[in-house]
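**Q** This structure is in structure tokens; I'll ask about it shortly.
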Amino acid sequence: MTYVECTERDAMGDDNYHPISKTGTNLTDAGGIGYTVIDSLDTIQLMGLDSEYARARKWIANSLSFDRDGNFDTFEASLLGSRPADTRRF
């Protein structure tokens with residue numbers, strides 16, 4: 001199983017992924033906004049993982065919501081989803 005598949009299985013829609021414990025966590029008690037999905041989208045595409053990319057895009061289109069009672073950096077989320085892959089932080 002690939003890291004991308006594990007992330008999808010254990011933390012789809014969560015803000016952070018913890019591979020050792022195989023869990024996802026969120027930045028607030030109100031739930032996450034999916035930073036993990038947003039942040040990995042371009043890497044998934046560059047790796048040529050077309051079916052994983054399609055599932056991530058579908059999650060973003062159908063499930064991404066900022067309607068949470070919490071403080072989120074929506075500016076950072078928009079940057080994660082829009083910046084070119086060669087300017088990514090690793």
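The values are calculated or read from the model by the stated rules, or taken from the named source; none is laboratory data. Quick caveat: nothing in here was measured; it's all calculated off a predicted structure. FYI the Cβ positions are ideal-geometry reconstructions off the backbone, even for glycines, and counts take in every protein chain you see. Just so you know, the surface numbers come from the protein's heavy atoms only, side chains and all, with ligands and any DNA or RNA stripped out. Shrake-Rupley method; radii C 1.70, N 1.55, O 1.52, S 1.80 Å.
**Q** For Leu46, tell me the accessible area in Å² from a 1.4 Å probe, rounded to the nearest 10.
**A** Surface open to solvent at Leu46 totals about 130 Å².
**Q** If you take every residue apart from Tyr17 with its C-beta less than 13 Å away from the C-beta of Tyr17, what net charge results, scoring Lys and Arg +1 and Asp and Glu -1? Each step should come with its number before you reach the end.
**A** Details: positive: Arg9, Lys22; negative: Glu5, Glu8, Asp10, Asp14, Asp15, Asp39.
Local net charge: -4.
**Q** With Cβ to Cβ distances under 11 Å as the rule, what net charge do the other residues near Gly31 carry (K, R +1; D, E -1)?
**A** Values: positive: Arg68; negative: Asp14, Asp15, Asp29, Asp67, Asp69.
Charge balance near Gly31 sits at -4.
**Q** Using 0.36 nm per residue, how much length does the chain from Asp69 to Ala54 gain when fully extended, once their Cα-Cα distance is taken away? Could you put the intermediate results ahead of the total?
**A** Working: separation 15, 0.36 × 15 = 5.40 nm, distance 2.87 nm.
Here the answer is 2.5 nm.
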